[in-house]
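Taking it in order: structure first as structure tokens, then the write-up.
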Amino acid sequence: MATMLRRQEVDVHVDFYGFGLQDTDDSAVPDSYPDGREPDGPFLSAYEGRIDIESAGHTHTAALTVEVWDANPPQDKRVAWEVQDETVLQSPSGELEIRAVAGAQEDYVDLGSPNRLWRLRLFCAGREEVADLAQHGVPHGVERYLAQFWPEANSGEGL
């Protein structure tokens, strides 16, 4: 059975309908967010050293909960998630910057273990509501994300 190792909650400043998570080691990220980003692309896109997340609202603050697990966690059924996807991300530093088009935020995502290939399952709720509200203001906490990270099988040392 999988065990959660850490949980982190951060506010994410979304602009131009998206944000990214990328390794803090710049040498591991050939193209920093938003370079090469596909606006109107899929919900989740993987690049070398980063992942791009497409939001339903132009400019707002989203709530991001990050969970780090020692193995594949159970599917989260506490919320009626509107969308979910999975990908992998190599993280040499074990820390991820949260980036918008305007630049990096002060908060980091701490994965807790460097030099790993991580599997990510990303969920999102509040998309329909934020799409409407962001047309008339800058909503806070309406769009909610849950990011579950766990080590990809055979991706290095134990946690």
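The values are calculated or read from the model by the stated rules, or taken from the named source; none is laboratory data. Because the structure is predicted, anything quoted here is derived from the model rather than measured. Side chains are part of the model used for accessible areas, which takes the heavy atoms of the whole protein and leaves out ligands, DNA and RNA. Shrake-Rupley method; radii C 1.70, N 1.55, O 1.52, S 1.80 Å.
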- Message: Using a 1.4 Å probe on the protein heavy atoms only, what accessible surface does residue 5 show? Give it in Å² to the nearest 10.
- Response: 80 Å²
- Item | Percent carbon-and-sulfur accessible area, the chain, ignoring ligands, DNA and RNA, probe 1.4 Å | 46 percent
- Message: Could you report the accessible area of residue 99 in Å², rounded to 10, computed with a 1.4 Å probe on the protein chains as they sit in the structure?
- Response: 40 Å²
- State the label only: which of (1) 11.9; (2) 8.7; (3) 9.3 corresponds to mean projected area of the Cα convex hull in nm² computed from the shown model? (2)
- Under 5 Å from the placed amide H of residue 111, counting only residues 5+ away or on other chains, we find 95, 96
- Message: Leaving out ligands and nucleic acids, and using a 1.4 Å probe, what accessible area per residue does the chain come to in Å²?
- Response: 49 Å²
- Item | Segment residue 10-residue 86, length gained on full extension (0.36 nm per residue, minus Cα span) | 25.3 nm
- Message: What figure, in Å² to the nearest 10, do you get for the accessible area of residue 119 with a 1.4 Å probe and non-protein molecules left out?
- Response: 60 Å²
- Item | All Cα pairs of the range 1-64, percent lying beyond 16 Å | 53 percent
